[in-house]
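One structure is given here, and the rest of the page talks about it.
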Amino acid sequence: MSGSPHPTPSQTASPHPTSSQTPSATKATATGLLAAIADVGSDRRRGGFSRHGYDHAELDLRAWFVEQARRRDLDVRTDRNGNIWAWWGRPGPDAVITGSHLDSVPGGGAFDGPLGVVSALAAVDELRAKGFTPRRPLALVVFAEEEGGRFGVACLGSRLLAGTIDPAKAAALRDPDGVSLGEAMTAAGLDPAGLGRDDEALSRIGCFVELHVEQGRGLIDQAAPVGVASSILAHGRWRFSFTGEGNHAGATPIADRRDPMLSAAGLVLAARRIAAEVEGARATVGRLVPNPGGTNVIASSVDLWLDARAEDDARTRTVVDRIREAATEAAEAEGCAVRITEESYGDTVVFDSTLRDDLSAALGGVPALPTGAGHDAGVLAARVPTAMLFVRNPTGVSHAPAEHAEPEDCEAGVQALTTVLEKLA
Ligand code: GLV
Ligand code: MN
Ligand code: MN
């Protein structure tokens with residue numbers, strides 16, 4: 001697909017009758033649907049995929065999803081926060097919702113996000129083929145900018161929906177080219193004036209189930225193709241801006257320098273050391289931007305972003321406080337200044353235990369496992385009963401091109417989601 005979808009016949013489902021009474025023989029597979037979008041946003045420079053909120057690739061994927069939903073006679077609506085909902089029948093209260101996101105990290109894998117979306121489409125086909133008619137309203141959802149790969153804050157669509165981020169602050173977030181979220185939404189034909197907590201949309205959600213590729217080795221170790229989520233680590237993002245003195249790389253003696261890159265390097269090393277000292281904690285610097293960024297130029301400033309996670313709020317705060325201290329010391333040692341900003345934070349999520357156990361039992365007792373990755377399901381868990389299904393990832397790698405799920409495990413995921421939707425709806 002490039003600009004418009006070109007799925008092969010085996011990947012498509014023919015339009016279904018609105019009544020949904022008539023079983024259909026044509027069913028899409030998750031793998032087939034993923035193949036149909038495999039050339040959207042593929043990143044030749046980094047490898048993998050770069051699909052960010054409201055960029056060309058993500059808009060193409062949104063259009064593709066809308067077309068797929070309409071082929072299935074789903075009623076497609078985009079909410080005030082840019083999340084796309086595709087309703088089987090009329091939107092209503094106490095609805096069963098499933099879906100995920102279509103955006104990626106820079107150079108990400110093919111499965112993180114899209115697997116949950118294509119599995120939802122394939123599960124609708126399975127349910128239709130069985131002649132299933134939902135008794136509760138049922139909808140698929142695609143959340144906007146889950147990774148924060150463009151505007152910096154993860155789970156923007158679900159945070160806005162749930163009211164856990166200030167809409168004015170969100171609209172003003174800027175991408176590396178200076179384009180704001182508000183401007184990007186306007187360019188995509190959406191009105192950023194509508195951003196913010198959406199009680200009407202929230203009140204329709206009876207429960208949310210997000211299927212996702214597993215992002216670690218839990219299911220490999222348990223030799224299980226599918227599992228359910230138990231919890232998500234507390235996690236957040238902090239921006240450190242070090243300021244020094246820009247100068248000449250050859251003409252400035254070492255003793256005369258105030259090089260913010262040295263302070264930044266001090267933080268990177270301290271982050272690893274400190275996280276290793278707190279059980280289960282993780283701290284990562286994956287993005288560092290020197291200004292002006294010349295080989296023969298001592299930077300005048302360096303911005304870097306810390307991603308820190310741990311089992312609970314106290315441990316995460318301890319790690320970040322100690323890294324803050326180390327950053328301040330590293331700045332002082334080099335005659336630099338540092339400004340630290342918390343850009344986002346979410347406390348530990350423990351998924352609804354009744355829903356988790358019910359789903360595990362309905363799937364024959366599949367394992368429950370924790371994850372260190374953030375999800376829209378984690379944001380919504382504070383508002384509605386929420387669960388996640390994980391599909392085994394044989395590499396254990398995620399947020400990188402090596403992320404993978406075998407076709408038979410994707411199929412097991414679709415069958416599991418179908419079973420779960422049948423039970424819930
Ligand atoms: C998103 O996948 C995150 O964990 O940051
Ligand atoms: Mn991700
Ligand atoms: Mn994801």
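For region 254-272, backbone nitrogen atoms closer than 19 Å to the point 7 Å from E332 Cα along Cα-to-C-beta are found at 258-271. Compute the Cα gyration tensor for region 160-314, then decide on rounded, prolate or oblate, letting a ≥ b ≥ c be the square roots of its eigenvalues: rounded whenever a/c is under 1.5, prolate when a/b is larger than b/c in the other cases, and oblate in all that remain. Cα axes put region 160-314 in the oblate bin.
Residues within the reach of a label modelled at E343 (point 7 angstrom out along Cα to beta-carbon, backbone nitrogen below 15 Å), restricted to region 270-307, are 284-291, 302-307. Taking one quarter of the surface of the C-alpha convex hull of the chain gives a mean projected area of 20.3 nm².
Estimated from helical segments only, the mean residue ellipticity of the chain at 222 nm is -10000 deg cm²/dmol, where each DSSP H run of four or more residues counts as -39500 (n - 2.57). Contact order for region 235-346, expressed relative to its length and based on alpha carbon pairs under 8 Å spaced 6+ residues apart, stands at 45 percent.
Counted as membrane-span-like here are DSSP H helices of the chain whose alpha-carbon atoms extend 20 Å or more along the helix's own axis and whose Kyte-Doolittle mean is -0.5 or above; these are 114-129, 260-277, 407-424. For R317 and R90, a Förster radius of 41 Å and the Cβ-Cβ distance give a FRET efficiency of 0.35, rounded to the nearest 0.05.
Give the distance, in whole Å, between the Cα centre of region 34-90 and the Cα centre of region 290-363. Between the Cα centres of region 34-90 and region 290-363 lies a distance of 29 Å.
Under the combined filter of DSSP loop state and at most 14 neighbouring Cβ atoms within 10 Å, region 233-329 retains these GluC sites (Glu not before Pro): E279. Considering the chain as a Gaussian network with a 10 Å cut-off on Cα pairs, which listed residue, V297, V268, V384, attains the greatest mean-square fluctuation? In the Gaussian network model the winner is V297. For the pair V350 and D75, label points projected 7 Å from Cα toward Cβ lie 3.8 nm apart. Note on region 24-68: Cα-Cα pairs beyond 12 Å make up 66% of the total pair count.
The ellipsoid that matches the Cα gyration tensor of region 235-346 has semi-axes, each √(5λ) in whole angstrom, of 28, 13, 10, with the longest given first.
Counted by neighbouring Cβ atoms within 10 Å, the residues S50, S203 run from fewest to most as S203, S50. Taking other residues whose beta carbon is less than 9 angstrom from the beta carbon of A95, and scoring Lys, Arg as +1 and Asp, Glu as -1, yields +1.
With neighbours defined as other Cβ atoms within 10 Å of a residue's Cβ, the residues L138, L269, L156 order from fewest to most as L269, L138, L156. Among I274, I254, I340, a tally of other beta-carbon atoms within 10 Å of each Cβ gives an order, fewest to most, of I254, I340, I274. As a length-normalised measure over Cα pairs under 8 Å and 6 or more apart, the relative contact order of region 170-220 settles at 19 percent.
Every number in this text was worked out from the coordinates using simple rules, so none of it is lab data. Bear in mind that the values here come from a model prediction, so they are computed numbers and not experimental data. So basically every Cβ, Gly included, is an ideal-geometry build from the backbone, and we count neighbours across all protein chains shown.
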